[in-house]
Structure formats: C-alpha cells, structure tokens
Amino acid sequence: MQLHAAIDEYVLYIEIEKNYSVNTVTSYEYDLQLFLSFLKYHGCSTCLNEITKTQVRRFIQYLLGSLKQKPRSVNRKISSLKSFAKYCLRYLTNDFTHGIESPKTDDKLPVYMTLTDLKQLFDYLERSQSRFSMRNELMFKLLATTGIRRSELVSLTWEQVDLVNETIRIDGKGKKERILPLHPHLMPLLASYKASLRSYQIYPTQPVFLNKNRKALDPRGLQVIFKDVLKKAGLPPTRFSLHHLRHTFATLMLQQNRENVDLRTLQELLGHKSITSTQVYTHVEYEQKKKAIDSFRIF
C-alpha cells in the first residue's frame, strides 16, 4: 500500500469514526503530508511496508535542523506519525515509529499578564470610543475571564450563549463540550453588545463576533486586533499574544482566588484533557514560597 493512500484512509478514519475536530484533522493531515514530501524529496520509497525508523529519525533531524522547528512543534509531528503508524498496523507487522523518542522541550513557564497589566488593558478598552470598542471590550474580557481559546472565541455562535443562566457552551478540542459560567460584570456588556446588532446578526447560528465586513472573525484577524489594542493600551505588543490571555486567566485565577479554585476546577475551566497540562500553572506558588522564605526569622 502506498503512503499517500494510507494517509487518505487515516484522515477519513479520524474525521468520521474518531470524530476529531476540524483543526485536529487538519493538523494531522499536514504533518503526514510533510513526512510524505520529505520522503519523495530524498528519493525514498513511499511504499508503506518500506518505511524505516531511520527515515523517521532523518525526518526529525530535518525538522529540527533545516526547518529550525521548535521541539514542541516537532513533538506534535512525532505524535501524528505514531498515531498514524498505530492505525497502519492493520496492514503492517512493523511499527516504524516504535522506539522513536521525542526531543526534550524547554520547560519554560507560561508568559502571562500581571494583574496591573490586565487592569491597564481593561482601562483602555472601557475608555475607547472606536467603532468596534464594545465588541473589542467584550471579546478580550471574555478571553481573560473564561480562559477560552481564540479558536473557541471566533467560532462562538449565539446559540451557545445563555443570557438567562449566564453561561456559554464551548465546543473544545476533540469536540469535547463544556459549560462555562460568565462573570457577572460581563452580563450588562454582553446584553448591550447584542442589542447593538441587527436582528439577522443574532440568529442562533450566527457568529457572536464579526469583523468590519460583518462576517465571522478568524483567529488571524483577532490576533491583529489584539496587537493593535495592546499598543494603544500602552502594553508591549511583542510581549503578549492572545494565548497569553489564557495563561493570564489560569495564573491569576490561582493567584487571586486560591480559596475557591483547585487544579481540578481549573482543568475543567480550561478544557484540558489531562491535569498534567494544568499543572504548569502551579508556578504561581513561587510567590507564596518567596514570602515564606522572606518571612523566615532565622537571622
């Protein structure tokens, strides 16, 4: 069986039978097509039975060296290949990814805004008088108070918003659904924003957030808006990204609200599949550790 045919079959499998999200399917397909292109470019056989571990290791070397990809990005591609190889065992007796190890990643702490930074951002959003000031204020306050991903924000429709119960329903990674309560301070803003739209724009299946052409925002467009808002708010646009708002939510939630939030609760709010992903935010305990050391009356 040829590799390209196996990839096509696998993509259909994860899309139809596994019911993976569109973003996940697209990512897996991209990773596998990149591996196929690598084999063709280097004159290697693309017959499924002839793929070797050495070729996989050369592919990883190519990603890290020639393409200068970061270990985290390379690890995702290795994960895609391993999942694909496992599927292909119905045709093969040899798993060409067995024993392949992922490169070590730098365990850097997530970048986040301080409470002062966030208040500075909110202050600008509340003072802004631009055409889209209400939309922007709602978008970025929603990201900062719920921790949803930017892809989840731009795909949000009005049928997912429950003004009565003050919740939003999020379709997260792997099509896993979660219900998030909205902060009480957001409710008047959300109601005003909805009232400012035309009747056809608040139809249940319509996107909540629109661009200047009255069409759904895309993640790239949202990022451009955020960078512009940061600059006008007096914050460094090169320092923060939209994903950092998610880090900010998680970090400040643990810093400012520890009596009401534990890691399990935070895991549910963020929609993490594994609590291991959530544990990175325990770095906030450093502040408590520092206070403990500083207050140690030993000298």
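Descriptive notes on the structure:
- Farthest positive-ward along segment 115-290 dipole, Cα basis, beta-carbon charges - from His185, Leu153, Leu269: Leu153
- Rh (Kirkwood; distinct C-alpha pairs) - segment 1-155, Å: 18.7
- Ile275 sits among other residues whose Cβ lies under 14 Å from its own Cβ, and their net charge, with Lys and Arg +1 and Asp and Glu -1, is 0.
- Three-way shape label, segment 3-88, alpha-carbon gyration tensor, a/c 1.5: oblate
- Whole-number percent relative contact order across the chain, with pairs defined as alpha carbons under 8 Å at least 6 apart: 17
- Entry note, the chain: the mean residue ellipticity at 222 nm calculated from DSSP H runs of n ≥ 4, each adding -39500 (n - 2.57), is -16000 deg cm²/dmol after division by the residues and rounding to the nearest 500.
- P(r) weight above 30 Å for the chain, C-alpha pairs, percent: 46
- For the chain, hydrophobic long helices are taken as DSSP H runs at least 27 Å long by C-alpha position along their axis with mean Kyte-Doolittle hydropathy of -1.0 or more; these are 22-41.
- Cα-derived Rg to Rh of segment 112-161, Kirkwood definition: 1.00
- Taking only Cα atoms of segment 173-229, radius of gyration then Dmax in Å: 13.6, 33
- Cβ-defined net charge surrounding Val161, 15 Å radius [Lys, Arg +1; Asp, Glu -1]: -1
- Per the Debye formula on identical point scatterers at the alpha carbon atoms of segment 115-290, with no solvent, log10 I(q)/I(0) at q = 0.08, 0.17 Å⁻¹ is -0.25, -1.16.
- Alpha-carbon centroids, segment 15-52 and segment 172-225: separation in whole Å: 34
- Burial ordering of Met1, Met134, Met113, fewest other beta-carbon atoms within 10 Å first: Met1, Met134, Met113
Taken together, the values in this text are just the output of simple stated rules run on the coordinates, not laboratory data. All values reported here derive from a predicted model rather than from experimental measurement. Counting neighbours? That spans all protein chains shown, and the Cβs are built from the backbone with ideal geometry, glycine included.
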